Amino acid sequence: MSMQEALMIRREEYKMKHRPKESPDYIEEKDLNNISTEKVIGNILEPGITNGVVRVFGHKIVWESNKTLSNINHLVFSRDGYLYAATDDGKIMKIDPNTGNNIWTYQVHKSSINSLVLDQVGFLYTGSSDNTVKKIDPITGKVKWIFDGHSDPVISLAINGEGDIFSVDNNNIIKMIDSQFGNEFWKFKVDGESIRTMKFGLDGYLYVGCLDGSVKLISYEAEKVMMNYMFHAHAIEDIVFDLQGNLYTCAWDNTLKKINPTTFAFSWTKEIQPSDMIQVNMGLITGLTISLDGYLYLTTYDGTIRKINPSNGNEIWKFEDYKKGHSTITVGLDGYIYVASYNVIKKMDDELHLKGYRILK
């Protein structure tokens, strides 16, 4: 018998002699072998495999990228499988979602990009605090046209079913822009508090979320506000629609609501509580998106990401990231979640993985 074999036998004999078989804190070695060695975040506990022990689950971070010194305001995922990021100093980045590496970065605007949308073909449109709207070629990153018809910062963009671009500025002036040449077709002034975000519903109306917590339905064909609903107590942060036309709104009153598109009654309301005692003066909720299978994903300033069941508003999972200040979130066609916090973008999966074990005191 070799010296190495003898040492291995002695080591196994020692482990068998000293292992606490009756202790509730003992975990069998075959279970320890299943612990993931990948970087995992989250802290979801499940009843233990032995008395006094719980299994801890989390989400794998596939990659983490900080290729820019600028804060990231928006993330969008294109039909051809690329991730695009817009920054607060006017840059656009095209990112390979498999690796997190930048394909290109261009200085598109002179100041912050406040809105970033994609059309059906894949062209990007940006609205900026430099009062302009621009169309960007997704392959080259070059500007196709510039619309400078606003006299105030452009706050939000939306695209209708025909592919026309709608932009709104700080003065609540909405303009309809031809997507091919960048010409102005129509404009409309909305009275009331400032518009913060807007989306088109399946009914063809333009839904705008305002600083006072209201959502207005606008018909650009009739050139008037059709309805005005006070859905929240404070400013609307974002609005999204599912494939059935249901409306979801989140606001600075820290609530997420599902609204029936026919009756405009609340289907449910979920109040979002911070994960710790940090003081957030305004806007705990910072981002809202919906996946192709209809699930909602919510980011909050305290570094928490939540997955929400759209049928009842129940929380499916949440985890606390060590990075505070989440600003935007999107779910790619690949099923992965992409989230930005300050200048850092992370790709994480949607499945829970075994992180390890915790012994309860």
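What are the pairs with Cβ atoms under 6 angstrom where one residue, in the range 287-310, is without any contact (Cβ under 8 Å) to a residue 40 or more places away in the chain and the other, located anywhere, is surrounded by 21 or more Cβ atoms within 10 Å (Cβ to Cβ) and acidic (Asp, Glu)? Sequence gap at least six, or different chains.
GLY303/ASP321
Kindly provide the set of residues from the range 178-193 that are loosely packed, with under 15 Cβ neighbours inside 10 Å and among the hydrophobic types (A, V, I, L, M, F, W, C), ordered by number.
PHE181, PHE185, TRP186
Can you tell me which residues in the range 136-172 are over 22 Å from PHE200 (Cβ atoms) and among the β-branched types (Val, Ile, Thr)?
ILE139, THR140, VAL143, ILE146
Which condition from (1) outside any loop (DSSP other than H, G, I, E, B); (2) at pLDDT 55 or above is the one that LYS17 breaks?
(2)
Conditions (1) modelled with pLDDT under 95; (2) surrounded by 21 or more Cβ atoms within 10 Å (Cβ to Cβ); (3) touching an Asp or Glu at 6+ places or on another chain (Cβ under 6 Å), marked per residue:
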position	(1), (2), (3)
SER167	no, yes, no
ASN171	no, no, yes
MET176	no, no, yes
ILE195	no, yes, no
MET198	no, yes, no
TYR220	yes, no, no
PHE241	no, no, no
ASN246	no, no, no
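Select from the range 142-154 the residues that are of a type outside the set (Phe, Trp, Tyr) and surrounded by 19 or more Cβ atoms within 10 Å (Cβ to Cβ) and write down the one among them that is nearest to the chain's Cα centre (by Cα). Before you say what the answer is, go through the steps one by one.
Of the residues in the range 142-154, the ones of a type outside the set (Phe, Trp, Tyr) are 142-144, 146, 148-154.
Filter once more, keeping what is surrounded by 19 or more Cβ atoms within 10 Å (Cβ to Cβ): 150, 154.
On the way: HIS150: 28, VAL154: 21 Å.
Once the filter is applied, the top-ranked residue is VAL154.
So which residues in the range 92-111 are crowded, with 19+ Cβ neighbours inside 10 Å and free of Cβ contacts under 8 Å to residues at least 40 places away in the same chain, if there are any at all? Don't jump to the end; show me each part of the working.
First pass over the range 92-111, keeping only residues crowded, with 19+ Cβ neighbours inside 10 Å: 92-95, 97, 108-109.
Once the filter is applied, which keeps residues that are crowded, with 19+ Cβ neighbours inside 10 Å and free of Cβ contacts under 8 Å to residues at least 40 places away in the same chain, the range 92-111 yields MET93, VAL108, HIS109.
If GLU38 satisfies all but one of (1) in contact with a His (Cβ under 8 Å, 6 or more places away or on another chain); (2) at pLDDT 85 or above; (3) charged (D, E, K, R), what's the number of the condition it fails?
(2)
How many residues are within 10 Å of the chain's Cα centre (by Cα) and in contact (Cβ under 8 Å) with a residue 60 or more places away in the chain if we restrict to the range 316-331?
The first filter runs over the range 316-331 and keeps only residues within 10 Å of the chain's Cα centre (by Cα), leaving 326-331.
Subsequent filtering for residues that are in contact (Cβ under 8 Å) with a residue 60 or more places away in the chain retains 327-331.
Going through the range 316-331 one residue at a time, the tally reaches 5.
Out of the range 210-223, which residues are free of Cβ contacts under 8 Å to residues at least 12 places away in the same chain and of a type outside the set (Asp, Glu)? Step through it out loud before you land on a result.
Pass one, the range 210-223, residues free of Cβ contacts under 8 Å to residues at least 12 places away in the same chain: 221-222.
Matches in the range 210-223: ALA222 only.
The values are calculated or read from the model by the stated rules, or taken from the named source; none is laboratory data. Since this is a predicted model, take the numbers as computed values, not measurements. Counting neighbours? That spans all protein chains shown, and the Cβs are built from the backbone with ideal geometry, glycine included.
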